[in-house]
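Contents: one structure, followed by commentary.
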Amino acid sequence: MVQTLTGLPDSDEAPPPARTAQKDRGSKRWRTAKRSFRQHWQLYLLILVPLTYFAIFKYIPMANAVIAFKDYNPIAGVWGSEWVGFEHFERFFSNPMFGTIVKNTFILSTYVVIVSFPLPIILALALNEVRVRFFAKTVQMITYAPYFISTVVVVSMTILLLSPRLGPVSGITSFFGMGSIDFLSEPDFFRHIYVATDVWQSVGYSAVIYTAALAGIDISLYEAARIDGASRWQKIRHVDIPGILPTAMIILILGVGNVMAIGFEKVYLFQNSLNLSQSEIIATYTYKVGLLNADFSQAAAIGLFNAVINLVLLLSVNYFSKRVTGSGLW
């Protein structure tokens, strides 16, 4: 190789073979991408609509999260407000309610994940084993229908059922000598009521996902299991469960990734001054601070803290899932 006095290769010398090969691969990928775009431009145009939606309504507004580090003034605007650094985070962490709010959010969300994750799997496996298709379709429709009921309607139905004066549940407890119980005013009952209504509303919808995964299992596996004399339980254990495991792990990862982002509407509607010790979570507290008290910077700081915790949980669970089962979001 010819070198100059500085020790560098002569500029007239041809580039190294590795660099040339890398450049050729990049050029080949670019030609392939252009050819794909010319052949399938309709599909690229179709996907442009959701990408534009996410860019405008999801990603661009993320820049306004900077108000968590500012003393936001609506008159001065987002970028004209005074920079205060981590002052709002420190104020939230030093708040006497901080520990209670985080604990209530984590316990309630974990409770929901633990209960709502296995039940749809059990329902889908049971329906897959039912030989009377009319009965299976009826059960599937009955369990799926509550998903379309509004959250406000579900909460209203629950309040009427658990009413201490007019509710049938109170009548049953009085019949057995336990007296009339105001379930919604007892903090210890709040989490059970929330999880029960959430499972009733979502278990049928979630089971559809696993039913679709079961339908995608190779039929030859069932034939091989039948030839080997496997029982129904053995088919479920060695064919069905491994077949839906990747889907189940993705749903579990998404569920754990949203542990700290539990829904606001149902909690807020069930919430009252008597059960506040267990019903106050990050979402409801952020609503009260940001909208009712108009402290937008503090609310943004709380929301950003919540999002970071969710991101850490999502990455952690995805990592362990990849290590243990080989399945993950990426």
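Descriptive notes on the structure:
- Residue within region 252-264 that is without any contact (Cβ under 8 Å) to a residue 24 or more places away in the chain and more than 17 Å from the chain's Cα centre (by Cα) present: no
- Residue-level analysis places residue 217 among those that are farther than 30 Å from residue 280 by Cα and outside any helix (DSSP H, G or I).
- Flag if residue 148 is at pLDDT 90 or above and under 15 Å from residue 271 (Cα atoms): no
One line per residue, one yes/no per condition, for (1) closer than 28 Å to residue 86 by Cβ; (2) in contact (Cβ under 8 Å) with a residue 60 or more places away in the chain; (3) buried (at least 17 other Cβ atoms within 10 Å of the Cβ):
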| site | (1), (2), (3) |
| --- | --- |
| 221 | no, no, no |
| 240 | no, yes, yes |
| 249 | no, yes, yes |
| 266 | no, yes, yes |
| 272 | no, yes, no |
| 275 | no, yes, yes |
| 295 | yes, no, yes |
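- Residue under evaluation residue 42, criteria (1) at pLDDT below 60; (2) polar (S, T, N, Q); (3) out of contact with any Ser or Thr (no Cβ under 9 Å at 6 or more places or on another chain), criterion not met: (1)
- Region 107-149, residues that are under 22 Å from residue 259 (Cα atoms) and either outside the structural domain of residue 197 (by TED's automatic domain parsing) or not in a helix (DSSP H, G or I) (or both): 117
- Only listed residue being touching a helix residue (DSSP H, G or I) at 6+ places or on another chain (Cβ under 7 Å), over 25 Å from residue 235 (Cα atoms) and touching a residue at least 40 places away in the same chain (Cβ under 8 Å), chosen from 164, 187, 168: 187
- When the residues of region 174-184 are filtered to those that are over 20 Å from residue 195 (Cβ atoms) and of a type outside the set (A, V, I, L, M, F, W, C), the one that is modelled with the highest pLDDT is 180.
The values are calculated or read from the model by the stated rules, or taken from the named source; none is laboratory data. Just so we're clear, the structure is a prediction, and the values are computed from it rather than from any experiment. Cβ coordinates were reconstructed from backbone atoms using ideal geometry, including for glycine residues, and neighbour counts include every protein chain displayed.
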